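**Q** Attaching a single structure in structure tokens format; questions to follow.
Only the coordinates and a few stated rules stand behind these numbers; no lab work does. What you see is a predicted model, and the numbers here were worked out from it, not measured in a lab. Please note: Cβ atoms are built from the backbone with ideal geometry, for glycine as well, and neighbour counts cover all protein chains shown.
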Amino acid sequence: MTTPHPGLIVVDKPQGITSHGVVARMRRICGTRKIGHGGTLDPMATGVLILAIGKATKLLTYVSGLDKSYVATIRLGQNTITDDAEGDVIAETDASGVEGAAIRSALVSMTGEIDQVPSAVSAVKIDGKRAYQRVREGETVALRARRVTIASIEIGRIRRSETFTDIDVDVSCSSGTYIRAIARDLGDTLGVGGHLTALRRTRIGNFGIDVAATLDELAERSEAGESLGALTMGQAAARLMPTRTATEAEAKALSYGKSIDAAGIEGRYAVLGEQGELLAVMTEEGDRAKPETVFAAA
């Protein structure tokens, strides 16, 4: 078994397991309990799930708000209680004749900054309890709309059967967007109902599926005593935000949580040591750069 250094691992989550289930398996693979994840995926969904090991869990704060990309399949002609294929069908309408032009027009109207109502079985909290828990207990849940940004919805194949129309889409959106809600709202707009039948996350920020490994691959590497391929904290930070390199004196000051001279960088950025190690995440105010999170404490 290989015990990895603190860092981020991009996992290709399999279908049929929760994000917490992935964490539990990775704890066994890595031999440590200090593992967290950023950006929950439903059990039905597959694809990019970012895990943090050790003190790299502090970096998950900067992962949660990143834009995301998905490929998905929407089925027109059925509503389900969960807005995806895992829920019971609650309404069915013949959608075989919905025209492609109408589908494209409806999806175009759903791009840009929009107010989206999350699925009733989402993880949104209502008075301290998750919405999906309330639904399971028989409550009727009405969630408030949230402002999200859907940068693009590209249509792939459109497949028709005797009753349904299935549409493959590629979605780029802000954090907090529910792809299930896009399927539901498309079906409502077209008057035939809709739900999600497949979902795969292909990107979180600058972390794509091309750098992801499956749980089986990671287990095999660990058993063979090989590196798991985790990004170091410095490498991960460089994918999350701009960086600057500290001098030895600046590194010492940061280890005590002190500010250093500003470098004229706007917004949040990471400061790396001369060997590429992550020292701190900073913001600037006037002529000083103040640490927001210190990773290399004295």
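**Q** Between residue 27 and residue 268, what is 0.36 nm times their sequence separation minus the Cα-Cα distance? Round to one decimal in nm.
**A** Working it through step by step, the gained length comes to 83.7 nm.
**Q** With respect to the cross-link table entries 58/258; 13/34; 34/258; 13/68; 55/252, which display a Cα-Cα separation exceeding 21 Å?
**A** Listed pairs above 21 Å: 34/258.
**Q** Right, here's the next one. Return the loop-located GluC sites (Glu not before Pro) in region 207-298 (DSSP other than H, G, I, E, B) with at most 13 other Cβ atoms within 10 Å of their own Cβ; answer none if there are none.
**A** 226, 266, 274
**Q** Under 8 Å for C-alpha pairs, at least 6 residues apart: give me the relative contact order for the chain, rounded to a whole percent.
**A** Relative contact order here is 22 percent.
**Q** Here's another thing I want to ask about it. Would you please give the residues with an amide H less than 5 Å from that of residue 85, counting only those at least 5 places away or on a separate chain, with H modeled from the backbone geometry?
**A** For residue 85, the qualifying residues are 196.
**Q** Counting each DSSP H run of 4 or more residues in the chain as -39500 (n - 2.57), what helix-only mean residue ellipticity at 222 nm follows after dividing by all residues, to the nearest 500 deg cm²/dmol?
**A** -6000 deg cm²/dmol
**Q** Name the shape class, rounded, prolate or oblate, that the alpha-carbon gyration tensor gives for region 159-298, where a ≥ b ≥ c are the square roots of its eigenvalues, rounded holds for a/c under 1.5, and otherwise prolate holds if a/b is larger than b/c and oblate otherwise.
**A** It is oblate, given that a/c is not under 1.5 and a/b is not larger than b/c.
**Q** Under unit Cβ charges (Lys, Arg +1; Asp, Glu -1), what dipole magnitude, rounded to 20 debye, does the chain have relative to its Cα centre?
**A** 800
**Q** Right, something else. Dimensions of region 32-116 along principal axes (Cα, Å, largest first)?
**A** Each principal axis gives a Cα extent; for region 32-116 these are 54, 31, 20 Å.
**Q** Oh, and also: Taking springs between alpha-carbon atoms closer than 10 angstrom, which of 269, 178, 256 fluctuates most in the Gaussian network model of the chain?
**A** 256
**Q** Looking only at region 241-294, where both bridge partners belong to it, what percent of the DSSP beta bridges are antiparallel (to the nearest 5)?
**A** 80
**Q** What's the whole-number percent of alpha carbon pairs in region 241-294 lying beyond 16 angstrom?
**A** For region 241-294, the fraction of Cα-Cα distances above 16 Å is 26 percent.
**Q** Which label belongs to the value computed from this structure, given these candidates for percent of Cα pairs over 29 Å apart: (1) 45; (2) 49; (3) 33?
**A** Matching the structure shown: (1).
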